[in-house]
Amino acid sequence: HLHQQIFQFTKSSLDAKVNYEVFRLLGSIGPLGFPEFHAPRAQSSGNNDSYPLYDRPKREQSFLNFVMKYILNELRTNGKTHDISQLAYAILYIFQNDPHKCIVFLDQVVDIFASMFDYEELTRPDSPFSSSEYFHFFKIIVSVVDIQILPHADTIYKLILPFLVPKTTLDPVELLNSLIFALKSSFTPYGIDTFTTILTILNDPDSQIS
């Protein structure tokens, strides 16, 4: 019953920080289990498999794994428990809070959000996740993980490229700037095409960035 109450609470909560802490609580109640969590080592059942739970970093990773797996499953299955925007901001908060522990989820996060991209859908007035929020999401992820975004550089660059046109918005340009900063010299393979495109935009008399 407690699990149900917690899930019901997070349905109505829009505060990513609060939701993160609630899911940490749920993680301690669910996958870790109080007997293993608090029993002295001599009283713990089995071999020494549960003993790492006394290690704070390992406990925190267990909490994180539980929360992230839940969020990613909701996104992957188009779950209706939470809207996309709420889940996206929860991921951003978690990544910003401890990017090192989150790196193991980077592949899944990029794959899921890249597969969600549909410009017509994102620009609809009733879209649950706007194009601005979409680019902002990737901008923060790229900024937080820095050079570790390299394996996904091609995927993200291909999302940006169609928007490098004379009449564009600032959001994809900001994402491009974050990608360049994160990749540094590793951005070289994209350099010629990028800067040629930027110069074309700047020289276009109808060029506008809004």
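Quick notes
- Just one of (1) farther than 26 Å from Phe117 by Cβ; (2) at pLDDT 80 or above; (3) aliphatic (A, V, I, L, M) fails for Ile6. It is (2).
- Qualifying position, being in a helix (DSSP H, G or I), among the aromatic types (Phe, Trp, Tyr) and open to solvent by 80 Å² or more (accessible area, probe 1.4 Å), among Phe195, Phe187: Phe195
- Any hit, region 164-178, residues being over 17 Å from Glu133 (Cα atoms), at pLDDT 85 or above and surrounded by 14 or more Cβ atoms within 10 Å (Cβ to Cβ): no
The values are calculated or read from the model by the stated rules, or taken from the named source; none is laboratory data. A quick note: this is a predicted structure, and the numbers were derived from the prediction, not measured. Virtual Cβ from ideal backbone geometry, glycine too; neighbours counted across all protein chains shown. The area values use the complete protein model at the heavy-atom level, side chains included, leaving out ligands, DNA and RNA. Shrake-Rupley method; radii C 1.70, N 1.55, O 1.52, S 1.80 Å.
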